[in-house]
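The values are calculated or read from the model by the stated rules, or taken from the named source; none is laboratory data. Remember, it's a predicted structure, so these values are computed and weren't measured experimentally. We place every Cβ from the backbone using ideal geometry, glycine too, and count neighbours over all the protein chains shown. The protein model used for the area step is the full one, side chains on, heavy atoms only, and it has no ligands, DNA or RNA in it. Shrake-Rupley method; radii C 1.70, N 1.55, O 1.52, S 1.80 Å.
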Amino acid sequence: MKYIIGIGGVTNGGKTTLTNKLIKTLPNCCVVHQDDFFKKPDQIEVGDDGFRQWDVITAMDMESMTNTMKAWIENPVKFARSHGVPLSSAPEESNPDEQTHILIVEGFLLYNYPPLLDVFDKSFYITIPYEECKRRRSTRQYTVPDPPGLFDGHVWPMYLKHRREMESSGLHIECLDGLSSKEEIYTQVYESIQNNLLNRL
């Protein structure tokens with residue numbers, strides 16, 4: 001069985017932390033990070049707000065990301081092995097092709113790309129309030145540092161815009177409070193996934 005989990009949400013909301021925790025506890029689990037598909041800085045347009053448009057879907061090579069996900073869908077065993085993901089050591093007679101294989105797709109604009117909306121078996125979205133998001137963002141070191149005013153002038157307005165888009169997409173998304181402890185968020189998500197998987201067996 002193949003099972004695809006989306007972990008979306010606001011910048012600095014805790015998506016990667018949650019993903020890294022899930023990878024350690026879910027069997028045969030691979031991950032695709034949307035951040036790995038950003039285009040090069042010289043390919044990012046400058047918008048009307050005066051900032052390079054990092055927080056929009058066109059800042060990423062979504063075709064390449066989709067192809068990576070398709071490679072997993074076509075052959076999760078081969079994908080796992082080529083990415084160094086250990087497969088469950090089930091009894092010898094158990095065929096890896098017959099086990100449950102999980103793909104976590106993690107990113108801040110997961111639910112704003114129509115070609116991918118129907119691939120997720122379970123979708124989560126982490127939110128945190130403006131002040132906390134701004135505080136966390138200010139403590140992060142990025143390869144391309146944030147210019148002054150980027151958060152208020154581009155990052156937060158784009159988050160609000162894309163969240164509205166996502167909410168009107170009709171996709172069933174389970175929202176998570178990013179102010180909860182890492183353990184609470186993980187437990188909520190892990191239990192939700194386990195219940196969902198049991199219902200599919």
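Residues of segment 118-139 that are closer than 19 Å to THR17 by Cα and either of a type in the set (D, E, K, R) or part of a loop (DSSP other than H, G, I, E, B) (or both): LYS122, ILE128, PRO129, GLU132, LYS134, ARG135, ARG136, ARG137, THR139. Of the numbered criteria (1) more than 21 Å from PRO115 (Cβ to Cβ); (2) surrounded by 17 or more Cβ atoms within 10 Å (Cβ to Cβ), the one ASP55 fails is (1).
Of everything in segment 22-37, what is free of Cβ contacts under 8 Å to residues at least 60 places away in the same chain and in contact with a Ser or Thr (Cβ under 9 Å, 6 or more places away or on another chain)? Give them in sequence order. Once the filter is applied, which keeps residues that are free of Cβ contacts under 8 Å to residues at least 60 places away in the same chain and in contact with a Ser or Thr (Cβ under 9 Å, 6 or more places away or on another chain), segment 22-37 yields ASP36, PHE37. Note on segment 108-137: residues that are touching a Phe, Trp or Tyr at 6+ places or on another chain (Cβ under 9 Å) and surrounded by fewer than 17 Cβ atoms within 10 Å (Cβ to Cβ) amount to 4. Do the conditions hold for VAL10, that is, is it without any contact (Cβ under 8 Å) to a residue 12 or more places away in the chain and of a type in the set (Val, Ile, Thr)? Criteria not met by VAL10. For segment 93-107, does any single residue satisfy the condition of being in contact (Cβ under 8 Å) with a residue 60 or more places away in the chain, touching a Gly at 6+ places or on another chain (Cβ under 7 Å), open to solvent by 20 Å² or more (accessible area, probe 1.4 Å) and within 25 Å of LEU171 (Cα to Cα)? Within segment 93-107, not a single residue is in contact (Cβ under 8 Å) with a residue 60 or more places away in the chain, touching a Gly at 6+ places or on another chain (Cβ under 7 Å), open to solvent by 20 Å² or more (accessible area, probe 1.4 Å) and within 25 Å of LEU171 (Cα to Cα). Counting just the residues of segment 58-67 that are open to solvent by less than 40 Å² (accessible area, probe 1.4 Å) and not small (Gly, Ala, Ser), which one comes out farthest from CYS30 (Cα to Cα)? Per the criteria, the residue is MET60.
Selection of segment 159-181 for residues being open to solvent by less than 50 Å² (accessible area, probe 1.4 Å) and outside any loop (DSSP other than H, G, I, E, B) yields TYR159, HIS162, MET166, GLU174, LEU176. The selection criterion, being at pLDDT 95 or above, open to solvent by 30 Å² or more (accessible area, probe 1.4 Å), closer than 20 Å to SER123 by Cβ and of a type in the set (Ser, Thr, Tyr), does not hold for THR19. Against the conditions (1) over 22 Å from GLY153 (Cα atoms); (2) under 12 Å from the mean Cα position of the chain (by Cα), CYS29 satisfies every one except (2).
Kindly indicate whether ARG81 is open to solvent by 60 Å² or more (accessible area, probe 1.4 Å) and closer than 22 Å to TYR130 by Cα. No. Residue pairs whose Cβ atoms lie under 9 Å apart, sitting 6 or more positions apart in sequence or on different chains, and linking a residue in segment 116-127 that is in contact (Cβ under 8 Å) with a residue 12 or more places away in the chain and more than 22 Å from ASN12 (Cβ to Cβ) to a partner that is of a type in the set (Asp, Glu) and surrounded by fewer than 21 Cβ atoms within 10 Å (Cβ to Cβ), are LYS122/GLU174.
Condition check: crowded, with 16+ Cβ neighbours inside 10 Å and touching a Leu at 6+ places or on another chain (Cβ under 9 Å). Does ILE44 satisfy that?
no
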